[in-house]
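Below: the structure, in structure tokens.
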Amino acid sequence: MIRFVTALWLSLLALAIPRVATAVEIGEDGLHKQPWFTITFRDIAEDIAQARAEGKRLAITIEQRGCIYCRQMHEELLADPEVADYIREHFMVVQYNMFGDEEVTDLDGEVLTEKTAARKWGYVFTPTIVFLPEEAPEGKTVAEAAVATMPGAFGKWTFLNMFRWVNEKGYVSGEHFQHYHARIINELRAAGRLGEGEN
């Protein structure tokens, strides 16, 4: 009986303690880092080719120093093994600083800095994740070539399902992301993996 009461008390205590987000390394540029992000020369066409050679897709994450949503993405979403493992397996992720000065070569051949590239592409929110095609198109900018763009940090399933939708080429099959996401959410609920309010 004492064991049962102790076990019950510990279970209740665990439920009462809020989850603490995982601390993530911050680089010299002030951006949160993942050890599995890929560091490249930021030549987008080369990065697409490298990702393809590895059997992956290129995703660019655009972030900025002090961004609370970027921190949330790193500490909560990318710290979740189910999310991180899926992304690592299927995507090569390259991080960009929205206000950075590192050199970038756009798909159309224009050489820019990270900040002028973000401005040229029209990305104003952080984090913004840009999903590129499997092959580099000629004469297009990143914004024109992107198969999908995710502005902001969302809940786990919206975030993960966007990566899945791109990997499964939902943008080609014609199944709109919102329909795909709703279908996956319903499947998760039916399997008992998701409560009514979660997404």
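Restricting the calculation to Cα atoms, segment 143-195 shows an Rg/Rh of 1.00 when the hydrodynamic-style radius is the Kirkwood one. Among Ala53, Ala45, Ala143, the largest mean-square fluctuation in a Gaussian network model of the chain, built with springs joining Cα atoms closer than 10 Å, belongs to Ala53. Applying both filters, DSSP loop and at most 15 other Cβ atoms within 10 Å, to the GluC sites (Glu not before Pro) of segment 161-195 gives Glu168, Glu175. Gyration tensor over the Cα atoms of segment 115-174: the corresponding equivalent ellipsoid has semi-axes (square roots of 5 times the eigenvalues, largest first) of 20, 18, 7 Å. Using the alpha carbons alone, the radius of gyration of the chain stands to its Kirkwood radius in an Rg to Rh ratio of 1.05. Neighbours of Gly55, meaning other residues whose beta-carbon lies under 13 angstrom from its beta-carbon, give a summed charge of +1 when Lys and Arg score +1 and Asp and Glu score -1. The gain in end-to-end length when the Glu28 to Glu75 segment is fully stretched comes to 15.1 nm, 0.36 nm per residue minus the alpha carbon separation. For segment 75-111 versus segment 124-147, the spacing of their alpha-carbon centroids is 12 Å. Using the Cβ-Cβ distance between Glu54 and His176 with R0 = 25 Å, the FRET efficiency computed as 1/(1 + (r/R0)^6) comes to roughly 0.30. Quick one: which of Lys120/Lys140; Lys115/Lys156; Lys120/Lys169 span more than 24 angstrom between C-alpha atoms? Violating the 24 Å Cα-Cα cut-off are Lys115/Lys156; Lys120/Lys169.
I need to check one value: relative contact order of the chain, counting alpha carbon pairs closer than 8 Å and at least 6 residues apart, in percent. Answer for the chain is 19 percent. Taking every DSSP beta bridge with both residues inside segment 16-154, roughly what % is antiparallel (nearest 5)? Bridges in segment 16-154 that DSSP calls antiparallel: roughly 60 percent.
Only the coordinates and a few stated rules stand behind these numbers; no lab work does. Predicted model, so just to flag it, every value in this text is computed and none were measured. Counting neighbours? That spans all protein chains shown, and the Cβs are built from the backbone with ideal geometry, glycine included.
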